[in-house]
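Colleague: Pasting in a structure now, in structure tokens, and then I'll have a few things to ask.
Computed from the coordinates by the stated procedures, all read-outs in this text should not be read as laboratory data. Bear in mind the structure is a predicted one, so any value in this text is a computation, not a measurement. Counting neighbours? That spans all protein chains shown, and the Cβs are built from the backbone with ideal geometry, glycine included.
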Amino acid sequence: MNRSVKFATPFYAFIVIIIINILLVFPANALTILIDPGHGGDDVGAKTILPSRRLANSKLKNDHIITLFEKDLTLTISKKLQEKLKEKDYSAFLTRSFDHNVSLEERANMAEKIKADLFISVHINSDFKKGAHGFETYYLNNHNDSAVKKLENVENQKLTATSHAVSVASASASTSTNSNNDPIISKILIDLVIEKTVEKSIKLAKQIHSEIDKTVHKKHRAQNRKVRPGLFYVLALAKRPSVLLEVGFISNQEEANRLNDYNFQEDYVTAVVSGIDKFIANDQK
Ligand SMILES: [Zn+2]
């Protein structure tokens, strides 16, 4: 054995040890997922008033009236989702971890900063028809569905006036009415992001939705309202495979109670994690 071989052997052993350590620190699942709890601060999102006796796990007496806010439900559900993703060795982060205002651009910028692989926005639906209920899963794409356009107007409201992502607003650019002088996001940007991400986003949405359907639909009798395309600015600005979850309708009293229920929340986020697992397993084939 010459001198260079003698020198090389411990060197290669050292490299192998380093690689093993890196693999142990960064397990196979080490994808970075950014979870976005919708709304926050003075943007409370949708809300409802419930007598406390309708609330699951409530210890309050019947004469109490409780106001449920979308911003609180989205935060609770998102934190559970983060916890369960971490248990599976994903790197999971939140766009907000407490009750405060975060603009849609700041949420999306965070995705860039942490180099998120996937972006999951969590929202709660509402409708003037009190009977409307069920779960929907959205991905970014163009469409002509007037019901979805109404929802977009609600969820797209919080772009800041100083948006840098907004520039070329063509007349046909947005399906939003833009009634409160919020800037209109560029159609060019949206189309580019759709082109880049839609294939993966549809697969992700379908996998997550099908897992929610398997457990939450049957066990909690929540209605499956399908996977749908939507033009949500936060998904466009995030510029990566993404979904927006509408967990259920706060405007429906029975469902508002369900949304606030520990077991429902546990089952819902477990299904989302399982959907992400399956999406990744298929994506890596
Ligand atoms: Zn919302």
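Colleague: Here are some conditions: (1) away from the ligand (no atom under 16 Å from the Cβ); (2) assigned to a helix (DSSP H, G or I). Leu237 meets all but one. Which one does it not meet?
Modeller: Here Leu237 clears every test but (1).
Colleague: Please state which of the following conditions Leu94 fails to meet, knowing it meets all the rest: (1) free of Cβ contacts under 8 Å to residues at least 24 places away in the same chain; (2) surrounded by 13 or more Cβ atoms within 10 Å (Cβ to Cβ).
Modeller: Status for Leu94: all satisfied but (1).
Colleague: Also: If we scan segment 60-67, do we find a residue that is touching a Pro at 6+ places or on another chain (Cβ under 6 Å) and either within 16 Å of the ligand (Cβ to nearest atom) or of a type outside the set (Val, Ile, Thr) (or both)?
Modeller: no
Colleague: Filter segment 71-82 for residues that are free of Cβ contacts under 8 Å to residues at least 60 places away in the same chain and either surrounded by fewer than 20 Cβ atoms within 10 Å (Cβ to Cβ) or out of contact with any Pro (no Cβ under 9 Å at 6 or more places or on another chain) (or both) and give the result.
Modeller: Result: Asp72, Lys79, Gln82.
Colleague: Suppose we keep only residues that are of a type in the set (Gly, Ala, Ser) and surrounded by fewer than 21 Cβ atoms within 10 Å (Cβ to Cβ) within segment 208-259. Which one would you say is farthest from the chain's Cα centre (by Cα)?
Modeller: Ser251
Colleague: Can you find a residue in segment 221-232 that is assigned to a helix (DSSP H, G or I) and either among the polar types (S, T, N, Q) or within 16 Å of the ligand (Cβ to nearest atom) (or both)? Write out each step before concluding.
Modeller: Filtering segment 221-232 down to residues assigned to a helix (DSSP H, G or I) leaves none.
No, every residue in segment 221-232 fails to be assigned to a helix (DSSP H, G or I) and either among the polar types (S, T, N, Q) or within 16 Å of the ligand (Cβ to nearest atom) (or both).
Colleague: Considering only segment 119-140, how many residues are surrounded by fewer than 24 Cβ atoms within 10 Å (Cβ to Cβ), more than 14 Å from the ligand (Cβ to nearest atom) and at negative phi?
Modeller: Total satisfying the criteria: 6.
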